[in-house]
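The values are calculated or read from the model by the stated rules, or taken from the named source; none is laboratory data. All of these numbers come straight from a predicted model, not from anything done at the bench. Every residue, glycine among them, receives a Cβ derived from its backbone with ideal geometry; neighbour counts consider all protein chains shown.
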Amino acid sequence: MTQYDARPLTVGEILDRAISTYVRRCLPLFVILAITFVPVALIQLAALPGFTHMNDLFAQMNRLPPQDVADRNRLFGEAFRSFNFGAVFAMFVLGPVVLFPLSRNAVIAFTDAALDGVPTSIGAAYRVSFARWLPQIVTGVGYFVIFCVVAVMICLVLFVVIAVLAFAIGVRNSTAIGVTVIVLLIPSVAAMLLGFALINVAFELASISVALEEPNPVRAIGTGWRRAFDRALLRRTIGVAAAYLAVETLGMGALFAAGALLQSLAHVMVLQTIVSAIGQIFISGVLLVFMIVYARDVRLRREGLDLLHAASAPSPLP
């Protein structure tokens, strides 16, 4: 298969190329991601003692008799004081919103050059990354807002549908209402997960666009949305979204299971955090390279990337 095949890549081929690309460039990609993942992992280690102490305090609260209000309030106050708000803020805001977009840009720049067969360095990838750091942050925040709006709309629609059906069945028939809710929730949750996976594909395509093509985050957000929901490519986009969700779910599930097993055997929280950080770097790297390969294929189908590369290539004739 040539570098720019006229035939659209299947989801399996995209995943295969992503894994092979990541394996061949494993060390530099790992280093690029570790530059931002390691500080966040260290922050997690700083926050863990507080969480562990809180769990012990809540376990003590559960063992108290219901009438022992004084000790319950004392333990609750101690748990609140042990909560490291700075570390939690850094974990959930500083890392995903500020640091990870920087390494994301670098991975995109490095992988795109590697797929073109152009040698590049980690330093060069990060120099490109710094130039698009703020637009990448804005793009991420923009899609987070879209996620929240869609989630609220889905919940409202689902609530209205359940309320109407409950009224139609009869409020007193609690068994029928419960069965109806369960029957509606299963397909609704499946559709919601698929919808969020499609929006995530749109975000990934926008993120790749802002790193490589469009420095304006607003236009990049629109570009990602149009490419993800292109009618001609929608069926394949659904397959990519499902594959992304499956790899992420299985990978994170295996990572959680490995961490729990390690914790139960070694009883050392540091080892669990280290294993978790290494696993997250690998999974995040593979998924991002997967989306970069797909984004290039989408550009090839929608904007004629093959013609652009052919036009820029030197002529073989003297």
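Assorted remarks:
- Flag if THR52 is at pLDDT below 90 and not in a helix (DSSP H, G or I): no
- Residues in region 266-318 that are closer than 17 Å to ASP116 by Cβ, at pLDDT below 65 and hydrophobic (A, V, I, L, M, F, W, C): LEU305, LEU307, LEU308, ALA310, ALA311, ALA313.
- When THR249, THR237 are screened for being surrounded by fewer than 17 Cβ atoms within 10 Å (Cβ to Cβ) and of a type in the set (S, T, N, Q), only THR249 passes.
Here is a yes/no grid of residues against (1) over 18 Å from the mean Cα position of the chain (by Cα); (2) buried (at least 17 other Cβ atoms within 10 Å of the Cβ); (3) part of a loop (DSSP other than H, G, I, E, B):
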| site | (1), (2), (3) |
| --- | --- |
| ASP112 | yes, yes, no |
| VAL118 | yes, no, yes |
| ALA124 | yes, no, no |
| LEU134 | yes, no, no |
| THR139 | no, yes, no |
| PHE144 | no, no, no |
| CYS148 | no, no, no |
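- Just one residue in the set PHE58, PHE30 is at pLDDT below 70 and either within 21 Å of the chain's Cα centre (by Cα) or part of a helix (DSSP H, G or I) (or both); that residue is PHE58.
- Whichever residue in region 127-170 is at pLDDT 80 or above and among the aromatic types (Phe, Trp, Tyr) and, among such residues, is nearest to ILE182 (Cα to Cα): PHE147
- Each residue in region 216-249 was checked for being outside any helix (DSSP H, G or I) and of a type in the set (Phe, Trp, Tyr), and 1 pass.
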